[in-house]
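What follows is a set of notes on a single structure, which appears directly below.
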Amino acid sequence: MTNEPFRSEHLLYFIQVVLTSLCLAILLRTWRFDMGIPFNYEGDTIFELALAKSIASGGWIWWVSDLGAPFGFDAAAFPQNITASSAVMKILSIFTSNPARILNLYWLLSCVLTSIVCCYSLRLFSFRWSVVLLVSTLYALLPYALQRNVAHISLTYAFVPVICAHCLRIISSSENDKLNRKNRAMLVVACVFLGLDYVYNAFFACFFLVCAAGVSTVIKRNSKPSRSAAPFIAIICIFSAINFVPSAVTWMTNGVPPNMSYKSAVEADYYGLKIRQVISPVMLERRADKAGFPLENENRFVRLGIVLALGYLLSIFYALFTAPPSRNDIRWAAGVLVLLGTFVATIGGLGSIFNLLIAPDIRAYNRIIVFIAFFSAVVLCALLSDVLRSIESQPVFQTRKWARQSASAGLVAMIFLAGLIDQGDAARPLVKRYSADSAQAIDEKDLVDKVEQRFPSVTQIYQLPETPFPLDAGQNRMKAYDHGRPFVWSKAVRWSWPSFSYRSEAWHERIGSLSDPEFLGNLFDSGFNGLWLDRYGYGEQDLPEIEASLRRQIGPPKLESNTKRYAFFDLSEKPGSPAANQGVSSVDRGELALDAPFLGFASGIYQKEAGADGESFRWSQRVSRILLSNPSATTRRVTFSAGFRSLPGGQLHILGSELDTMVDLQSGSGDFSVPLELPAKQTTKLTFRYVGDRVPANGDARVMYFRFVNPTLKED
């Protein structure tokens with residue numbers, strides 16, 4: 001396997017574990033951390049903590065019963081689907097039920113595992129063990145990993161090196177080289193893990209396997225490389241499809257949830273790769289932050305550090321200025337794959353064309369950097385191995401073994417320290433924010449504990465203000481997903497955040513808003529007996545009015561957080577709430593509110609918009625489907641009605657189980673209304689087929705033929 005025997009491969013991996021763990025401890029100063037507090041406590045981390053909490057509570061990532069009250073949160077409808085990662089977290093939950101500890105441990109373990117797998121993959125190419133240890137550690141501790149940390153556990157990349165190594169072998173190996181059983185098993189494990197996790201790494205893995213097969217086929221003029229790549233592409237695709245099944249099922253049953261059609265082709269440029277960011281040392285990036293470059297977002301996380309950036313630049317040199325038959329085959333192969341990856345991911349690159357012509361779902365092409373980083377690492381390993389070999393061959397070292405070893409070790413250590421210091425700067429924000437995050441988490445946990453201890457009858461809490469999901473840009477001083485914080489620390493309470501279904505959307509429309517005098521009564525009828533107010537969600541002018549309204553109706557808050565950010569109101573003491581008034585009429589009203597029929601939009605229909613005249617409308621593709629759902633235990637008679645607008649000269653064909661009619665849109669507008677009977681616990685589907693011209697929309701990538709105006713479903 002190697003041209004430089006090592007006493008034990010197991011010892012090599014042990015040293016790799018110790019080295020990576022030690023570097024993590026130093027960079028993060030883990031001796032200061034309470035592992036029960038998340039390393040990062042805002043934004044996407046809150047969502048990941050919610051999933052970890054669901055896992056630790058005996059549930060899973062596809063359905064969270066204690067969120068999205070009163071109906072529950074169908075998390076499968078938001079297809080992150082980190083099944084493989086969640087299985088590991090499920091194992092960790094055997095030892096701890098704290099979601100923050102589970103998330104922290106998973107991320108730390110993934111960093112260590114990444115270094116081990118990278119070490120294994122680099123040793124396949126006979127590089128020096130000292131160089132492999134150096135580069136594997138730097139690869140595991142990329143700024144990409146440190147800056148994304150627990151906020152993006154879906155983007156950990158432990159098994160990426162296995163796929164990358166196979167791509168290089170496809171291009172550079174001879175026809176007689178075959179995978180041994182161990183390598184084949186590692187490839188299968190890597191493909192299964194990638195397929196059962198978030199789609200980005202799976203997509204990029206298939207891309208590079210296709211590229212490797214194509215390049216090898218061209219330079220070797222035979223199809224054998226394609227046969228070497230095809231089985232592993234198939235494994236990734238099969239398990240990715242299996243991983244998507246829960247999302248597909250819920251989409252077919254309930255429709256694609258509201259606010260999910262937010263991805264567009266133009267975002268491939270917005271989140272694209274910037275070469276400046278890839279190769280810049282930390283000092284240059286600090287100057288760039290002040291320069292005000294456009295389109296600076298998560299693509300700032302792609303920095304390789306000064307050491308691996310050298311490998312990136314060298315790989316491009318080898319791709320452009322060396323030929324495949326030369327002794328630098330592996331370097332040329334890595335360089336070609338780096339170039340292809342850069343062409344796809346850069347702003348205005350091939351990824352933008354893919355998104356425009358095929359699908360916009362893979363929008364953050366900067367995330368390809370973990371593949372590019374490994375190919376750069378291979379070139380760097382090859383170069384450093386040659387340099388060490390050259391040093392040791394110098395006459396001055398021929399009779400001085402200690403001097404030869406000291407010179408080699410000194411060079412490797414200097415390069416490693418330079419790279420670690422540069423890359424380690426990415427960990428500074430985590431260290432700096434820990435004190436504030438810890439204080440905030442303790443404050444929130446303390447309030448949630450008090451609510452559950454002092455008000456044991458409170459089982460369902462409504463959260464104000466209402467915030468959108470999944471596109472939550474924050475609201476005043478609230479940040480994205482802040483309403484998920486109390487759930488992380490609760491034990492027996494259901495929370496109203498997030499609203500992420502058409503049923504929930506329809507229910508919110510029925511209960512009204514805080515300005516509606518019936519609002520609190522509707523909450524009572526729906527089973528809520530507590531109210532959580534996040535004062536950060538309101539402006540300074542609005543907050544006094546909001547609190548005054550609540551105090552008039554239900555009295556002062558029963559509890560407040562130490563920081564006064566949160567206030568808790570006990571609705572069970574209000575006459576008419578479920579805890580204080582079990583009258584039949586209240587229960588009946590609650591059942592009607594919760595089980596009322598509602599509309600869902602299955603396919604071909606875009607998000608709701610508001611016109612200048614106050615009308616709500618949704619654009620539709622040529623063919624679209626609406627779902628009419630009846631969640632109650634009895635048959636309901638309803639009337640579906642909608643207006644339609646299109647270019648003049650069209651016709652709209654409407655099909656249902658017992659419906660087949662045409663709406664004339666020759667004038668460009670038309671109205672439709674039909675009585676229907678909805679069976680209990682069933683969903684009825686209406687299909688709309690438009691015959692006519694597409695609506696031209698310059699600068700809008702949507703395919704629009706007509707629009708629904710004020711679609712409504714009313715009970716007779």
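The values are calculated or read from the model by the stated rules, or taken from the named source; none is laboratory data. What you are looking at is a predicted structure, and each value in this text was computed from that prediction instead of being measured. All Cβ positions, even for glycine, are placed from backbone atoms using ideal geometry, and neighbour counts span all protein chains on display.
The lone criterion from (1) surrounded by fewer than 19 Cβ atoms within 10 Å (Cβ to Cβ); (2) over 27 Å from Asp472 (Cβ atoms); (3) of a type in the set (Val, Ile, Thr) left unmet by Val215 is number (1).
Residue-wise test of (1) in a loop (DSSP other than H, G, I, E, B); (2) touching a helix residue (DSSP H, G or I) at 6+ places or on another chain (Cβ under 7 Å); (3) among the hydrophobic types (A, V, I, L, M, F, W, C).
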{"position": "Ile163", "(1), (2), (3)": "no, yes, yes"}
{"position": "Lys178", "(1), (2), (3)": "yes, no, no"}
{"position": "Lys182", "(1), (2), (3)": "no, no, no"}
{"position": "Val188", "(1), (2), (3)": "no, yes, yes"}
{"position": "Asn201", "(1), (2), (3)": "no, yes, no"}
{"position": "Phe208", "(1), (2), (3)": "no, yes, yes"}
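Of all residue pairs spaced 6 or more apart or on separate chains, those with beta-carbon atoms under 8 Å, a first member in region 681-697 that is under 21 Å from Arg636 (Cβ atoms) and a second member that is not in a strand (DSSP E or B) are Lys681/Pro631; Lys681/Ser632; Lys681/Ala633; Thr683/Thr253; Thr683/Asn254; Thr684/Ser657; Lys685/Ser657. Checking the structure you have, find out if any residue of region 272-292 is in contact with a strand residue (DSSP E or B) (Cβ under 9 Å, 6 or more places away or on another chain) and charged (D, E, K, R). So far as region 272-292 goes, yes, one or more of its residues are in contact with a strand residue (DSSP E or B) (Cβ under 9 Å, 6 or more places away or on another chain) and charged (D, E, K, R).
Criterion applied to Gln423, Gln440 was being assigned to a helix (DSSP H, G or I), in contact with a Pro (Cβ under 7 Å, 6 or more places away or on another chain) and either surrounded by 16 or more Cβ atoms within 10 Å (Cβ to Cβ) or of a type in the set (Gly, Ala, Ser) (or both), and the one residue passing it is Gln423.
The residue that is nearest to Pro38 (Cα to Cα), counting only those in region 90-139 that are within 20 Å of the chain's Cα centre (by Cα) and among the aliphatic types (A, V, I, L, M), is Ala100. Within region 479-490, residues that are touching a residue at least 60 places away in the same chain (Cβ under 8 Å) have Cβ atoms under 7 Å from residues that are surrounded by fewer than 22 Cβ atoms within 10 Å (Cβ to Cβ) and of a type in the set (A, V, I, L, M) in these pairs: Ala480/Ala473, counting only partners at least 6 apart in sequence or on another chain.
The residue that is farthest from Asp595 (Cα to Cα), counting only those in region 506-535 that are of a type in the set (A, V, I, L, M) and touching a strand residue (DSSP E or B) at 6+ places or on another chain (Cβ under 6 Å), is Leu533. Against the list (1) of a type in the set (A, V, I, L, M, F, W, C); (2) free of Cβ contacts under 8 Å to residues at least 40 places away in the same chain; (3) outside any loop (DSSP other than H, G, I, E, B), the condition Leu27 fails is (2). Screening the candidates Ala205, Ala234 for the property of being closer than 20 Å to Leu337 by Cβ and not aromatic (Phe, Trp, Tyr) yields one hit, Ala205. Restricting region 44-82 to residues that are within 21 Å of Asn149 (Cβ to Cβ) and among the β-branched types (Val, Ile, Thr) leaves a set whose member that is surrounded by the fewest Cβ atoms within 10 Å (Cβ to Cβ) is Ile82. For Ser499, the test of being under 27 Å from the mean Cα position of the chain (by Cα), in a helix (DSSP H, G or I) and not aliphatic (A, V, I, L, M) is failed. When Gly484 is tested against (1) under 20 Å from Val64 (Cβ atoms); (2) in contact with a Ser or Thr (Cβ under 9 Å, 6 or more places away or on another chain), only condition (2) is not met.
In region 242-286, of all residues being farther than 27 Å from Gly349 by Cβ and small (Gly, Ala, Ser), the one that is surrounded by the fewest Cβ atoms within 10 Å (Cβ to Cβ) corresponds to Ala248.
For region 481-511: of the residues being modelled with pLDDT under 95 and farther than 22 Å from Trp63 by Cβ, which is surrounded by the fewest Cβ atoms within 10 Å (Cβ to Cβ)? Here the residue is Glu509.
Just name the residue that is surrounded by the fewest Cβ atoms within 10 Å (Cβ to Cβ) out of those in region 160-209 that are charged (D, E, K, R) and over 26 Å from Leu142 (Cα atoms). Quick ask: steps written out before the conclusion?
First pass over region 160-209, keeping only residues charged (D, E, K, R): 169, 175, 177-178, 181-182, 184, 197.
Pick out the ones that are also over 26 Å from Leu142 (Cα atoms) and you get 175, 177-178, 181-182, 184.
Values: Glu175: 9, Asp177: 10, Lys178: 9, Arg181: 7, Lys182: 10, Arg184: 14.
Of everything passing the filter in region 160-209, Arg181 is surrounded by the fewest Cβ atoms within 10 Å (Cβ to Cβ).
Of the residues Ala248, Ala230, the single one that is part of a helix (DSSP H, G or I) and either in the same structural domain as Ala373 (by TED's automatic domain parsing) or within 20 Å of the chain's Cα centre (by Cα) (or both) is Ala248.
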